[in-house]
Amino acid sequence: MDERMELIEAIKARHSVRKYIDRPIEPEKAAAIRAAMERINRESGLNVQLVLDEPKAFSSGMWKYGQFSLVKNYLVMAGPKGDTAEERIGYHGEELVLLAQTLGLNTCWVGLTYKKIPGTFTLRAGDIVHCVIALGYGASQGVQHPMRPAGQFYESAATPPEWFLRGIEAAILAPTAVNQQKFKFFLHPDGRVDVKPLFSMAGYTRIDLGIVKYHFEIGAGKENYEWV
């Protein structure tokens, strides 16, 4: 199976998981994630960090949304402020999520329901923590979020080609904050593609945008189009 097909299978298999079992991540799997993370940081200017065997960030039982349990490993998605950085956080964070899925691990994007534990990560001047990604072996494989019709997520003046529809199919499988799916794709007559965030009371739409762009890219195939 080539890399793209492996990622497509990971997109289909990935579901958000909030309950984990007490099993450490093997050193070789942690090394693979760390190598990808370090490459991403070099190329993107982000400051993503992997935290292992640290149970305090998710130790509170008071969170009303999420109900996380036994989360001891997570990615700290840190970087500069601003919309551009947020989109990069989403895009490259989902790259790490799907890598983890191919390694047999489970994940969940987390916006608010965690605590920042001093000493577990470091920030550069101007950095903030945008969110974290829980990581480990799930107590289950999670469940598929409710699916809305694909036609709600794009506009096209003509019948879209198959590569575009494959991209949309992958995009609507992407995780978004509280499953809000506040995005719309636009296929232009010249074959270029654009995607824009829609208004949301929950926020996080720029991070979501990066996540869905990564999914679309895998589903559509980068060779078939250019972004606007």
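Of everything in segment 196-228, what is without any contact (Cβ under 8 Å) to a residue 24 or more places away in the chain and in a strand (DSSP E or B)? Give them in sequence order.
Lys196, Pro197, listed by residue number.
When you go through (1) within 21 Å of Gly167 (Cα to Cα); (2) touching a residue at least 60 places away in the same chain (Cβ under 8 Å) one by one for Lys72, which number turns out not to apply?
(1)
Applying the selection to segment 103-157, what residues are among the aromatic types (Phe, Trp, Tyr), assigned to a loop (DSSP other than H, G, I, E, B) and either closer than 26 Å to Lys196 by Cβ or out of contact with any helix residue (DSSP H, G or I) (no Cβ under 8 Å at 6 or more places or on another chain) (or both)?
Of segment 103-157, the ones among the aromatic types (Phe, Trp, Tyr) are 109, 114, 121, 137, 153-154.
The next check asks that each one be assigned to a loop (DSSP other than H, G, I, E, B); those that pass are 114, 121, 137.
Once the filter is applied, which keeps residues that are among the aromatic types (Phe, Trp, Tyr), assigned to a loop (DSSP other than H, G, I, E, B) and either closer than 26 Å to Lys196 by Cβ or out of contact with any helix residue (DSSP H, G or I) (no Cβ under 8 Å at 6 or more places or on another chain) (or both), segment 103-157 yields Phe121, Tyr137.
Buried (at least 16 other Cβ atoms within 10 Å of the Cβ) and β-branched (Val, Ile, Thr): which single residue out of Thr120, Thr84, Thr107 fits that description? Steps first, answer last, please.
Numbers: Thr120 fails: buried (at least 16 other Cβ atoms within 10 Å of the Cβ); Thr84 fails: buried (at least 16 other Cβ atoms within 10 Å of the Cβ).
Exactly one residue qualifies, and that residue is Thr107.
Given the criterion among the hydrophobic types (A, V, I, L, M, F, W, C), outside any loop (DSSP other than H, G, I, E, B) and surrounded by fewer than 13 Cβ atoms within 10 Å (Cβ to Cβ), identify the matching residue among Ala31, Ala36, Ala78.
Details: Ala36 fails: surrounded by fewer than 13 Cβ atoms within 10 Å (Cβ to Cβ); Ala78 fails: surrounded by fewer than 13 Cβ atoms within 10 Å (Cβ to Cβ).
Answer to the selection: Ala31.
Which condition number in (1) out of contact with any helix residue (DSSP H, G or I) (no Cβ under 6 Å at 6 or more places or on another chain); (2) part of a helix (DSSP H, G or I); (3) without any contact (Cβ under 8 Å) to a residue 60 or more places away in the chain; (4) over 15 Å from Val97 (Cβ atoms) is the one that Val178 fails?
Answer for Val178: the failing condition is (3).
Hey, can you tell me all the residues within segment 118-146 that are under 20 Å from Ala30 (Cα atoms) and in contact (Cβ under 8 Å) with a residue 60 or more places away in the chain? Quick ask: steps written out before the conclusion?
Going residue by residue through segment 118-146, those that are under 20 Å from Ala30 (Cα atoms) are 119-122, 131-139, 141.
Thr120, Phe121, Thr122, Cys131, Val132, Ala134, Leu135, Gly136, Tyr137, Gly138, Ala139, Gln141 - these are the residues of segment 118-146 that are under 20 Å from Ala30 (Cα atoms) and in contact (Cβ under 8 Å) with a residue 60 or more places away in the chain.
If the requirement is being assigned by TED's automatic domain parsing to the domain that holds Asn73, in contact (Cβ under 8 Å) with a residue 40 or more places away in the chain and touching a Gly at 6+ places or on another chain (Cβ under 8 Å), which of these qualifies: Ile21, Ile40, Ile33?
On inspection, the qualifying residue turns out to be Ile21.
Taking the criterion of being in a helix (DSSP H, G or I) and touching an Asp or Glu at 6+ places or on another chain (Cβ under 8 Å), would at least one residue in segment 55-71 satisfy it? Don't jump to the end; show me each part of the working.
First, the residues of segment 55-71 that are in a helix (DSSP H, G or I): 56-58.
The next check asks that each one be touching an Asp or Glu at 6+ places or on another chain (Cβ under 8 Å); those that pass are none.
No: zero hits.
Out of segment 166-175, which residues are assigned to a helix (DSSP H, G or I) and either in contact with a strand residue (DSSP E or B) (Cβ under 6 Å, 6 or more places away or on another chain) or among the basic types (Lys, Arg) (or both)?
The initial filter retains those residues of segment 166-175 that are assigned to a helix (DSSP H, G or I), namely 166-171.
Correct list: Arg166, Ile168.
The values are calculated or read from the model by the stated rules, or taken from the named source; none is laboratory data. This structure is a prediction, so every number in the text was calculated from the model and none was measured. When we count neighbours, we look across all protein chains shown, and the Cβ atoms used for this are built from the backbone with ideal geometry, even at glycine.
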